[in-house]
Amino acid sequence: MQIDVIVAGAGIWGCTVARVLAEAGRKVLVLEKRAAVGGNVRCETDANGIEIHTYGSHIFHTHLDDVWDFVNRFITFNGYQHKVLARYEGKTYFLPLGLTLVNQFYGLNLAPAELPAFIAKEAQKGLKGFNGANGPDGARGGEALNFEEQAISFIGEPLYRAFIREYTRKQWGTDPKNLPASIIKRLPVRASYDINYYPDYRQGIPLTGYNFLFDRLLDHPDITVECNAPFDLDTVRSRGLPDVPVFYSGPIDALFGYRFGALPWRSLRFELETLDIADFQGTSVMNYTGADVPFTRIHEFKHFHPENKELMASPKTVICREYPKTWALGDEPYYAVDTAESRALLERYRAEAAKTPGLVIGGRLGEYRYYDMDQSVGRGLAAAGEFLGNRRC
Ligand code: UDP
């Protein structure tokens, strides 16, 4: 069998690369460590026909035209628009931070033009509470020291306490005072009643499910897929393909045997429950922003398919509580832990990777970066385009 390129890892980045290269006439061998393709976007459909997002809710959303056009060649989206609600002290609010939430939380009726000044005043009050180098009017003159100060300087203390502090503590397993201010560059407050969680109007869930996207992407005569096929740098030699270029999207540290140490991640545990009711929470994702429960959110998957009237009416639903947890080698990696040390470690692995000719590393695990699905597709298109000689970005 002629092989021109190996794609190691069949997540959304790898499958995009494989498809583009195959359409350009390359014979592509896709090697996937798991028993099935799709990476963490892979879903399972249960006996009641509910599509369960095994690795947490995935909502495709993008502002990138080429990404949207590419994905729409393979699947049709259902038009779902993502909303996230927040439960705090027994009340339910619409995220993100905007007129809906602020007016409800403070019991006000602010108009769009009044919101920025209101938030600025709240932020100013919060700044006065900081210890340390305060200016003449009591406000800090310098930079925010940590995540907490940064967040309060954007939105003030009451909103921070209710919607950010405890959620972030649960998510990262540490007091937000211990997190760097750099994590939040902005915390925008929308001066409108727009409660769409993502600002992208192009969004949705594949009508026929996420797995179908991967089946379609890989359905090409010049793509061969092997599952249960882990990749390491000896693979190319042992398969008699030493000079074949490799697009790798597994963990970069794993590729080099963790020789400088493991890059740290935050992991998640999901607790699934099937309930004998048609609807548990009336929406797909409910964040629990208080310290009263240990999970961060509850997903209720059937709400991702409002077009499926039969499914919505069925007397069963599946919910999933999401618990952040400390990551140890062997656990599923979810969120890269971005610190000065982890960045330095990543650079050492990148330097190793650069010594290996024909190796392109990408994807969330390979680049040690959080990517939305559209970003992974976009970077896959770019990587394949660059390889083919038509630089895209
Ligand atoms: N966040 C928060 N409260 C919320 C939702 C998010 O404080 O109700 C913060 C938290 O620090 C989290 C970050 O925003 O780590 C990103 O959350 P988001 O839900 O946007 O990302 P996801 O985990 O869904 O990718």
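Structure notes:
- Calculated [222 nm] ellipticity per residue, helices only, for the chain: -8500 deg cm²/dmol; basis is -39500 (n - 2.57) per DSSP H run with n ≥ 4, divided by all residues, nearest 500.
- The share of accessible area on the chain that comes from carbon and sulfur is 52 percent, using a 1.4 angstrom probe.
- Between region 38-90 and region 180-211, the alpha-carbon center distance in angstrom: 12 Å
- Difference of contour (0.36 nm per residue) and Cα-Cα distance, Phe77 to Thr92: 2.5 nm
- Taking every C-alpha pair closer than 8 Å and separated by at least 6 residues, the mean separation divided by the residue count of region 302-372 gives a relative contact order of 22 percent.
- Paramagnetic reach from Asp279 (point 7 Å along Cα→Cβ, amide N under 16 Å) across region 313-334: 313-319
- Note on Leu207 and Ala35: with the Förster distance fixed at 25 Å, the Cβ-Cβ geometry gives a FRET efficiency of about 0.50.
- In summary, the lysines within cross-link reach of Lys325, defined as a Cα separation below 16 angstrom excluding same-chain residues under 8 places away, comprise Lys170.
- Using heavy atoms of the protein chains and a probe of 1.4 Å, the accessible area assigned to Glu89 is about 140 Å².
- Probe 1.4 Å - accessible area at Ser153, Å² to nearest ten: 40 Å²
- Annotation: region 28-112 has a Kirkwood hydrodynamic radius of 17.1 angstrom, from the mean reciprocal C-alpha pair distance.
- Ranked from largest to smallest solvent-accessible area, with a 1.4 Å probe on the protein heavy atoms, Met373, Met312 come out as Met312, Met373.
- Classified by the C-alpha gyration tensor, region 327-393 has an oblate form. Its axis ratio a/c, with a ≥ b ≥ c, is 1.5 or above, and a/b does not exceed b/c.
- The candidates Cys227, Cys320, arranged from most to least accessible area with a 1.4 Å probe in the full protein assembly, appear as Cys227, Cys320.
- Each principal axis of the Cα cloud of region 288-358 was taken in turn, and the coordinate range along them, longest first, works out to 57, 38, 20 Å.
- Loop-located chymotrypsin sites (Phe, Trp or Tyr not before Pro) in region 177-246, at most 10 other Cβ atoms within 10 Å (DSSP): Tyr201
- Selection among Thr16, Thr326, Asn287 by position relative to the dipole of the chain gives Thr326 as farthest towards the positive end (Cβ unit charges, Cα centre).
- In the frame of its principal axes, region 145-228 has Cα extents of 57, 36, 19 Å, reported largest first.
- Ranking Asn72, Gly209, Phe94 by how far each Cα lies toward the positive end of the dipole of the chain (charges on Cβ) leaves Phe94 at the top.
- Of interest is the spacing of the C-alpha centroids, which for region 347-392 and region 277-319 amounts to 35 Å.
- Max mean-square fluctuation residue, GNM over the chain, Cα-Cα springs under 10 Å, options Gly358, Gly250, Gly107: Gly107
- Inter-probe distance in nm under a simple model that places probes 7 Å from Cα toward Cβ, at Thr224 and Arg239: 0.8 nm
- Three-way shape call for region 254-325 based on the alpha-carbon gyration tensor, with the a/c threshold at 1.5: prolate
- Modelled this way, with points 7 Å down the Cα-to-C-beta line, the labels at Ala313 and Glu332 are 3.3 nm from one another.
- Residue ranking by accessible heavy-atom surface, 1.4 Å probe, largest first, among Lys83, Lys170, Lys125 comes out as Lys125, Lys83, Lys170.
- Value of Rg to Rh for region 1-44, rounded to two decimals, is 1.00; Kirkwood radius and Rg both from alpha-carbon coordinates.
- Ratio Rg/Rh, restricted to region 216-364 and using Cα atoms, in which Rh is the Kirkwood radius: 1.09
- Rolling a 1.4 Å probe over the protein heavy atoms leaves Trp13 with an accessible area of roughly 10 Å².
- Magnitude of the charge dipole, the chain, Cβ model with Lys/Arg +1 and Asp/Glu -1, debye to 20: 680 debye
- Per residue value of the accessible surface for the chain (all protein chains in place, 1.4 Å probe), Å²: 47 Å²
- For the chain, the alpha-carbon coordinates run over 71, 55, 37 Å along the three principal axes, in decreasing order.
- Computed extension length for Glu23-Asp65: 13.2 nm, one decimal, from 0.36 nm per residue of separation with the Cα-Cα distance subtracted.
- Cβ-derived FRET efficiency at R0 41 Å, Ala353 paired with Gln124, nearest 0.05: 0.30
- Full-stretch length increase - Arg259, Asp46 - with 0.36 nm per residue and alpha-carbon distance subtracted: 72.6 nm
- Estimated inter-spin distance, Tyr370 and Asp175, nm [label 7 Å along Cα→Cβ]: 2.2 nm
- Residue among Asp292, Asp279, Asp372 with the largest mean-square fluctuation in a Gaussian network model of the chain, springs linking Cα atoms under 10 Å: Asp292
- Gyration tensor (alpha-carbon) shape descriptor, region 6-77, a/c threshold 1.5: oblate
- Within the shell defined by Cβ-Cβ distances under 15 Å, the residues around Ala191 carry a net charge of 0, with Lys and Arg each +1 and Asp and Glu each -1.
The values are calculated or read from the model by the stated rules, or taken from the named source; none is laboratory data. Everything numeric in this text was worked out from a predicted model, so none of it was measured. Positions of Cβ are generated from backbone atoms using ideal geometry, with glycine treated the same way; all protein chains shown enter the neighbour counts. All accessible areas refer to the heavy atoms of the entire protein, side chains included, with ligands and DNA or RNA removed. Shrake-Rupley method; radii C 1.70, N 1.55, O 1.52, S 1.80 Å.
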